[in-house]
């Protein structure tokens, strides 16, 4: 497997075998990409010791399987990055959801009153 963490292999029946390094690509990201491409390929995912192997056998409706295997690899990368962003922003997402469903504000209690005088508004617009 190269530095990219991805290796591909063609089988005689047209099946493409793509192997992803498990230290780089999470199984969930691979599963999400496989689900998205399920209309074009029959998909078989096998977890190996340090890699995840994906067999993509083109369905009849798949007109250019070689190019779509590349698109599948791009989709796995996209899903992996989405997983990373979700982890990194989990705290903010949880705070926003809690704020949205809370009867009181969780961020700034002064904002609960909703009463703003003209003097306060003038100060805010002067600062712009």
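Each value in this text was obtained by applying a stated rule to the coordinates, not by laboratory testing. From a predicted model like this one, the values you see are computed outputs, not experimental measurements. Please note: Cβ atoms are built from the backbone with ideal geometry, for glycine as well, and neighbour counts cover all protein chains shown.
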Label 7 Å along Cα→Cβ of residue 36; segment 67-88 residues with amide nitrogen under 17 Å?
67-87
Order by protection proxy (mean Cβ within 10 Å, highest first), peptides 42-53, 14-25:
14-25, 42-53
Using all Cα-Cα distances in segment 6-91, what percent lands in each 10 angstrom bin from 0 up to the longest?
18, 51, 24, 6, 1
